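Asker: Below: one structure in structure tokens.
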Amino acid sequence: MGLSGRISPAWTAMAGYAYQDARITNTLSATAKDGAKLAGVPAHTFSLWNRWDISRRWGAGLGLIH
């Protein structure tokens with residue numbers, strides 16, 4: 001899910017959210033069984049990005065992902 005908009009003529013902001021339920025769907029081995037959650041995959045991800053137009057040709061952006 002995402003949302004973006006122009007806050008002022010020079011400032012644009014974008015925000016996003018993602019949900020993942022990463023699970024093994026077939027048993028692969030004794031340690032990787034059907035239904036187990038995958039390690040290292042976040043369930044929730046949030047992001048926020050900003051862009052500031054300095055001139056018609058140049059802009060700067062900054063963002064974060066959590």
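Asker: Could you check how much of the accessible area of the chain is carbon and sulfur, as a whole percent, using a 1.4 Å probe?
Answerer: For the chain, the apolar C and S fraction of the accessible surface comes to 62 percent.
Asker: Here's something else I'd like to know. For Cα pairs less than 8 Å apart in space and 6+ apart in sequence, what is the mean separation divided by the residue count of the chain, i.e. the relative contact order in percent?
Answerer: About 29 percent, as a whole number.
Asker: Amide H of ALA36 versus every other amide H placed in the peptide plane: which residues, excluding those fewer than 5 positions away on the same chain, fall under 5 Å?
Answerer: Sorted by chain and number, the residues that satisfy this are ILE24.
Asker: Here is a further query. Enumerate the calculated ³J(HN,Hα) couplings along region 25-39 in order (Karplus 6.51 cos²θ - 1.76 cosθ + 1.60, θ = phi - 60°), each rounded to whole Hz, writing x wherever the residue is Gly or Pro.
Answerer: Karplus values, whole Hz, x for Gly and Pro: 9, 9, 5, 9, 7, 5, 9, 10, 9, 4, x, 5, 6, 7, 6.
Asker: Scan [x] 59, 18, 15; [y] 39, 20, 19; [z] 37, 28, 11 for the value of Cα extents along the principal axes in Å calculated from this model and give just the label.
Answerer: [x]
The values are calculated or read from the model by the stated rules, or taken from the named source; none is laboratory data. Just so you know, these numbers come straight off a predicted model, no measurement behind them. Areas reflect the complete protein model, heavy atoms only, side chains present, ligands, DNA and RNA absent. Shrake-Rupley method; radii C 1.70, N 1.55, O 1.52, S 1.80 Å.
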